[in-house]
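The values are calculated or read from the model by the stated rules, or taken from the named source; none is laboratory data. Every value quoted in this text rests on a predicted model; they were computed, and no experiment measured them. Here the Cβ is made from the backbone with ideal geometry for all residues, glycine too, and neighbour counts use every protein chain on show. When the accessible area is computed, the model is the full protein with side chains, heavy atoms only, and any ligands, DNA or RNA have been set aside. Shrake-Rupley method; radii C 1.70, N 1.55, O 1.52, S 1.80 Å.
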Amino acid sequence: MKKFMELAVKENTKMMEKAQARCLDIFQTKNSTAAMQMTSEHMAATANDWIEFALKTNSMGYQEHLAFMNALQKQLIESSESLSSSIDHLPNGSLASSALMLTAFKSALEMSNHVIDSAQAASKRTAELANQSWSAASNHHLIKEAKTPKKQEA
């Protein structure tokens, strides 16, 4: 989440600086036709900036998801090895009681369920963040299109 927030602050700052510079140019223009053209270009550039930001956040979410899934897989392997090692290190000649085996299996199952639940929650949150970013970019683009006057053809 921290990486996402840092990216959002960085990208929004960059977009605001670019927008301020373009708006200043528009306000300083004396020709209304040129001002309208510059406004249209500004709106298109802003929409593109938002789409680029959405793609960056989507990519970041995907990379975070991959890293989490790799860590999850590693944890499951280590847990499996730990359970196997515990069983292998029982004293020779002793029979493991069914209660001990059941407890070990139950613990491993609970841990696996917890890891799976965590992975699902992280995946869902990543998808939500990506959808929010994409929706924001799409809405901004749709608003821009709705406000842009259509050229009438002769």
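Data table
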item	result
Accessible surface ranking that places the most exposed of Thr29, Thr57, Thr13 first, with a 1.4 angstrom probe	Thr13, Thr29, Thr57
Estimated distance in nm for a label pair at Asn12 and Lys124, the labels positioned 7 Å out from Cα along Cα-to-Cβ	2.6 nm
Residue-level accessible surface for Glu41, protein heavy atoms, 1.4 Å, Å²	100 Å²
Förster radius 41 Å - calculated FRET efficiency between Gln20 and Glu110, Cβ distance, rounded to 0.05	0.15
Approximate spin-label separation Ser59-Glu41, in nm, with each point projected 7 Å along Cα-to-Cβ	2.6 nm
Listed pairs Lys56/Lys124; Lys10/Lys74; Lys3/Lys124; Lys14/Lys56; Lys10/Lys30 exceeding 21 Å between Cα atoms	Lys10/Lys74; Lys10/Lys30
